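The values are calculated or read from the model by the stated rules, or taken from the named source; none is laboratory data. Here the structure is a predicted model, which means the values were calculated and not measured. Neighbour counts are summed over all protein chains in view; Cβ atoms, including those assigned to glycine, are modelled from backbone coordinates with ideal geometry. Areas reflect the complete protein model, heavy atoms only, side chains present, ligands, DNA and RNA absent. Shrake-Rupley method; radii C 1.70, N 1.55, O 1.52, S 1.80 Å.
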Amino acid sequence: MTQNSDEFVTTLADGRLRVLAPFGVRFLIEGGSAAAEAPEVNEFGFGSSRSEAVQDLRAAIRELCLTLHDDRGRLGPDLWKVWEVLRGKMHIRHDD
C-alpha cells in the first residue's frame with residue numbers, strides 16, 4: 001500500500017550540508033517494513049518504521065550529494081540532472 005504524505009526532509013543531519021528547499025517524501029508501508037522515497041532525486045530509505053526509513057533516506061541523500069559533488073566533473077547526463085536538482089536544494093559548506 002502506497003501512502004503519499006506531506007512529509008518533507010528538511011535536514012540531512014550533516015554540518016557540511018544545508019537543505020535550502022525540502023525534499024518531498026512518499027512512503028510505502030507493507031507489513032513490518034517501511035520505505036521512504038525522495039522522487040526528485042530517485043533515492044530510497046528503508047526501515048521497520050517511517051522514522052527509520054526517513055533516517056535511512058537522509059543518509060542516502062547525504063551520500064548521493066557528497067558523491068556527486070566529488071565526481072561532478074565526470075558525471076553523465078542523467079547524473080548531471082540529479083546533481084542540478086541537488087544544487088538547487090542544497091548548500092554544501094566547503095572547508096578549504
Probe of 1.4 angstrom, ligands and nucleic acids ignored: what's the accessible area per residue over the range 49-96, in square angstrom? 64
Counting Lys and Arg as +1 and Asp and Glu as -1, what is the net charge of the other residues whose Cβ lies under 11 Å from the Cβ of LEU17? +4
Give me the percent of the accessible area of the range 1-69 that comes from carbon and sulfur atoms, probe 1.4 Å, all protein chains in place. 50
Mind checking the dipole of the chain: about its Cα centre, +1 per Lys or Arg Cβ, -1 per Asp or Glu Cβ, Debye to the nearest 20? 260
Computed from the coordinates I sent, percent of Cα pairs over 22 Å apart equals one of (i) 33; (ii) 45; (iii) 29. Tell me the label. (iii)
Express in nm, to one decimal, how much length is gained between ILE92 and ARG72 on full extension, taking 0.36 nm for each residue of separation and deducting their alpha carbon distance. 5.9 nm
Of VAL85, ALA34, SER48, which is farthest towards the positive pole of the chain's charge dipole, taken about the Cα centre with +1 and -1 on the beta-carbons of Lys, Arg and Asp, Glu respectively? VAL85
When the solvent-accessible surface of protein heavy atoms is calculated with a 1.4 angstrom probe, in what order do HIS91, HIS69 fall, highest first? HIS91, HIS69
Ranked highest first by average number of other Cβ atoms within 10 Å, how do 56-68, 39-51 line up? 56-68, 39-51
